[in-house]
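These notes are about the structure you will find just below.
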Amino acid sequence: MKSYIIAGITALLLIVIMSQLLQDRVQAQDEAAPIVIVDGEAVPSPGYPFYSGDILYVPARVMGTYYPYTFRWDNAEKSLQLDAPDGVVILKSGSREVTVHGEALFQLDAPVLLRQGHVYIPVDSLSSLTGAEVTYRSIEDVTITSGSVSISVREPKEPLATAEDSSYKLYAALKDRQNYRGFILEAGAARYSYDWQAPRLPSYEPVLHAEDVDRDGQPEVVVIFTTGTGTGLHMEEIHVVDPRDGQEIPVMSAEQAADEWIESRITLEGSELVIDVKLKGETPQAWSFRIPDVEPGDHYNSQVGVGGVIYYDVDGGKLTAEAAANIGFANYIGDFEFEYDRSERGFEPVAVTFHPFPEFEKYRIR
């Protein structure tokens, strides 16, 4: 009887020992398993990268480590819902189609896969989904760089813009596929956050100036975004910040300035287009143009408009805006130039000039 008991105890001990050895082996395998590096840090994620054919897959949830997604699994549809401030993205198992706001927006490089209860996506699709840069050589070496456009819990690495004085830098706090959402301004040792939003236009990155534009002996930081561009169109947005406390100083837009400083009228007299422009100020100015042989089907405004083409600039410590004078769709007769100074309301124009395009000078009657 004792031999049976001893044999049973021995078998039980062997089972415990083997279980512990197996557990240690699995733990050692997990510790040595491939990991994903995001902005230089190993990130926890359910599952690990793997190859399916020649396509490298990574867990979809790794996106939540640098992009503000929250994840919801729909077991009936076998789909993963990614909720973000700018919308809802749906990834369905077995499908390449990416649904955004209920519409098929684009396709991944390969189908979404479901493995051991986790959703995987092609690693090359991380860029189209979040804008991050991804490099990899194998499953043991997957590096994601969100850099200056990661969520705020990560340190921005590269500035979008640097002023002439390199102690002033502008970073994006977050980006999605088409927009920057939030910015971080570095002014020496200080950092300030702003909820400004601007489209991501690689050929028109933000511009940063640090100059004393109100002539108080201290520099202001001027941030200029391009908000739209195209044939006959270019629009910009401006922000001015006091770097001593991070407070934004209001700036009157060029459109608002035009409403306050410019009076105009456009009339069609037979086949002639008559344009009258008056500028307010200490020395009021006026122009009149009479353009002959106007086509009857052409459409013209009832007054000169501003908004289709706007450029802001800082030159020699002066803040200026140049706005094209629009008489019809993408049809311009000249430029208005506004010179700004600081007042109790912030920065607003103190002078405006009009520069007709040379080809219209011959039509000027006064």
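Principal axis analysis of the Cα atoms in the stretch 35-156 yields extents of 36, 34, 22 Å, listed in decreasing size. Taking chymotrypsin sites (Phe, Trp or Tyr not before Pro) across the stretch 307-366, the ones in a DSSP loop with at most 14 further Cβ atoms lying within 10 angstrom of their Cβ are PHE329.
Taken as Cα centroids, the stretch 66-137 and the stretch 186-200 sit 29 Å apart, rounded to the nearest whole angstrom.
Placing unit charges on the Cβ atoms of the charged side chains and taking the dipole of the chain about its Cα centre, the candidate lying farthest along the positive direction among ALA351, TYR66, ILE249 is TYR66.
For the chain, the spread of Cα positions along the three principal axes, ordered from largest to smallest, is 124, 54, 31 Å. Summing Cβ point charges (Lys, Arg +1; Asp, Glu -1) relative to the Cα centre of the chain gives a dipole of roughly 1940 debye.
Ignoring any ligand, DNA or RNA, what whole percent of the accessible area of the stretch 179-218 comes from carbon and sulfur when the probe is 1.4 angstrom?
46
If exposed GluC sites (Glu not before Pro) are those in a DSSP loop with at most 16 other Cβ within 10 Å, what is the longest stretch of the chain that has none?
Looking at the chain, 165-281 is the longest stretch - no exposed GluC sites (Glu not before Pro) with at most 16 other Cβ atoms within 10 Å.
Relative to the longest principal axis of the Cα atoms of the chain, the long axis of helix 2-32 lies at roughly 20 degrees. Loop-located trypsin sites (Lys or Arg not before Pro) in the stretch 171-247 (DSSP state other than H, G, I, E, B) with a sparse environment of at most 12 neighbouring Cβ atoms within 10 Å: ARG215, ARG244. Over the residues of the chain, the helix contribution to mean residue ellipticity at 222 nm works out to -4000 deg cm²/dmol, using -39500 (n - 2.57) for each DSSP H run of at least 4. With distances taken between every two different alpha-carbon atoms, the stretch 288-366 has a Kirkwood hydrodynamic radius of 14.2 Å.
For the chain, the relative contact order is 8 percent, taking Cα pairs closer than 8 Å that sit 6 or more residues apart in sequence and dividing their mean separation by the residue count. Each Lys and Arg contributes +1 and each Asp and Glu -1, all at the Cβ; summed about the Cα centre of the stretch 181-314, the dipole is approximately 220 debye.
The values are calculated or read from the model by the stated rules, or taken from the named source; none is laboratory data. Given the structure is predicted, the values throughout are model-derived calculations rather than measurements. Here Cβ is always computed from backbone atoms with ideal geometry, including for glycine, and neighbour counts include all displayed protein chains. Remember, those area values only see protein heavy atoms, side chains included, never the ligands or the DNA or RNA. Shrake-Rupley method; radii C 1.70, N 1.55, O 1.52, S 1.80 Å.
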